[in-house]
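Shown next, in structure tokens, is the structure this report addresses.
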Amino acid sequence: MAPPDTAPPLSEAPYEGAIDRGLEGVVACTTSISAIAGTTLLYRGYTIEELAANATFEEVVYLLWFGRLPRREELAEFERRLHADMPLPPESFGWFHGLPTRVHPMDFLHAVVAGLSLHDPEANIIDDVASLRKSTRLTARLGTIVTAYHRVRSGQWPLQPAPGRSLAWNFLYMLHGREPSPEHVRDFDTCLILHADHELNASAFSARVTSSTLSGIYSSVMAAIGTLKGPLHGGANEEVVRMLLEIRKPSRVDAFLDEAFAARRKVMGFGHRVYKEGDPRAKILARMAERLTREAGVPELYVMSKRLEERMAAEKGLIPNVDFFSGSVYHALGIPVDLFTPIFASSRVAGWCAHILEQYRNNRIYRPRGRYVGPKDLRYQPIDER
Ligand SMILES: CC(C)(COP(=O)(O)OP(=O)(O)OC[C@H]1O[C@@H](n2cnc3c(N)ncnc32)[C@H](O)[C@@H]1OP(=O)(O)O)[C@@H](O)C(=O)NCCC(=O)NCCS
């Protein structure tokens, strides 16, 4: 039988451009939001140490979106709008309570953001004004969703955010059902600041890729949530505390590491694509973890962490990243382990939105190439001849 009439065989060589696995070394865009240089992290030109010591999360969100620190009246107006958007819209109440509650909270967050987009008449409008309004709604609401999810799965009624209080205050209040101490609010606020943005990390890149097709902010943030969830990115903070709880006591750290090294298993919370000499966020979080684990009566978490750090540096040359000490901080604040990555999302959403806004303002669709290494010149075989 004559071969079917098909397109001519692939005669051109597959794309031969240089390959950077994992896009290491590829500069995919210009950005003026944040920068990593050596062991320094800058948001809009300010070091993370400077912001962690002096700013509030709300101020940092303003800085990331508008490129400068707000004046007093600008901050007051910005906070008023952000805090007013914290409650979930009433039209979501019907379906919110019908969603499954035995799922990972990141999957729940993903589903609720999709649900909220269906009720947002501006969901697919991508001009600057609508995009900023949606950024405000998303940044205000992610923490509300996470805490409401936890209350519902624990058989409790979700709490409404208290007006006039910060996102950090309200997160702890809506989670625990009691007013948080000013010290815990300050620590939690600092954690939000430290996680708010990080140059072209995997989830920000996802957000930018999605928005580069001129898809809306909700779709872009959903792509970012899905990307953050993985254990090689934001999911690592949960794995770190599970590891520490499994090790249980400082005397068991060495045996744990010997076994992990022998099995060539990754130790979560260590290593970074960009930082090789130290992650400045981890240094701030280490100090916080030392104090908070002591105050919470679980100092062994910090002692174990320091031993892990010592051996990982000496034997693998790997540094603790942002996820290594944040887990102990959240655990000491009485936060359930599976909420750690959703907290990361509740802060990083500010950075995602900044990247999406920047992408829209100077857009070109992301479309890299893949080098084809599969078979060529195959002919279609009728189904009975395969
Ligand atoms: C962060 C991370 C994904 C960066 O990945 P990357 O830039 O591709 O780094 P690589 O995986 O190429 O690492 C280089 C080497 O160090 C090893 N390595 C990296 N992180 C490691 C870890 N946490 N534990 C043990 N070994 C590790 C790799 O196995 C690799 O070794 P090899 O060259 O013998 O194969 C990676 O370090 C990692 O998986 N860390 C654990 C997860 C984590 O904490 N993620 C949060 C990031 S903020």
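For the reader, a short list of remarks on this structure follows.
- Net length gained if the chain between Leu132 and Arg379 were fully extended (0.36 nm per residue, minus Cα distance): 83.7 nm
- Rule-of-thumb Rg ratio for segment 16-115 [Cα; 2.2 N^0.38 Å; N residues]: 1.54
- Its Cα centre serving as origin, segment 42-95 has a Cβ charge dipole (Lys and Arg +1, Asp and Glu -1) of approximately 140 debye.
- Under 11 Å, Cβ to Cβ, from Leu333 - net charge with Lys/Arg +1 and Asp/Glu -1: -3
- Relative counts (whole %) of C-alpha pair distances in segment 306-386, using bins that are 10 Å wide: 12, 19, 19, 21, 15, 12, 1
- Of Glu58, Glu290, Glu179, the sequence from fewest to most neighbouring Cβ atoms within 10 angstrom is Glu179, Glu290, Glu58.
- Structural descriptor for segment 191-250: relative contact order 25 percent, calculated from alpha carbon pairs under 8 angstrom and at least 6 residues apart.
- Rounded to two decimals, the Cα-based Rg/Rh of segment 162-300, with Kirkwood Rh, is 1.01.
- Nearest-20 debye value, the chain charge dipole, Cβ charges on Lys, Arg, Asp, Glu: 320
- Highest-first arrangement of 373-381, 82-90, 360-368, 341-349, where packing means the average Cβ count within 10 Å: 341-349, 82-90, 360-368, 373-381
- For segment 123-204, convex hull of alpha carbons as volume per residue, Å³: 137
- Pairwise inverse Cα distances across the chain, averaged and inverted, put the Kirkwood hydrodynamic radius at 22.5 Å.
- The residue list Asn362, Pro70, Leu175 was ranked by how far each Cα lies along the charge dipole of the chain toward its positive end, using unit charges on Cβ atoms, and Leu175 comes out on top.
- Listed residue (His119, Leu257, His198) projecting farthest to the positive dipole end of the chain, Cβ model: Leu257
- Gain in span if fully extended, Trp95 to Ala262, counting 0.36 nm per residue against the direct Cα distance: 55.3 nm
- Among Leu142, Leu257, Leu232: highest mean-square fluctuation, GNM of the chain, C-alpha pairs under 10 Å: Leu257
- Protection proxy ranking for 302-315, 117-130, using the average of other Cβ atoms within 10 Å per residue and placing the highest first: 302-315, 117-130.
- Contact order relative to length of the chain, as percent, for alpha carbon pairs under 8 angstrom and 6 or more apart: 24
- Note: relative contact order over segment 63-178, using C-alpha pairs below 8 Å and six or more positions apart, is 32 percent.
- For segment 228-386, the dipole from Cβ point charges (+1 on Lys and Arg, -1 on Asp and Glu) about the Cα centre works out to 620 debye, to the nearest 20.
- Those aspartates and glutamates that a straight Cα-Cα span of less than 19 Å connects to Lys306, excepting residues fewer than 8 apart in one chain: Glu238, Glu239, Glu246, Asp254, Asp258, Glu259, Glu277, Asp279, Glu290, Glu295, Glu315, Asp323
- Efficiency of FRET between Arg248 and Leu23 - r from beta-carbon atoms, R0 35 angstrom, step 0.05: 0.35
- Neighbourhood charge, 13 Å Cβ-Cβ cut-off, centred on Lys276 and excluding it, Lys, Arg +1 and Asp, Glu -1: -1
Computed from the coordinates by the stated procedures, all read-outs in this text should not be read as laboratory data. Please read all numbers here as calculations on a predicted model, not as lab measurements. In this analysis, Cβ positions are derived from the backbone assuming ideal geometry, glycine residues included, and neighbour counts consider all displayed protein chains.
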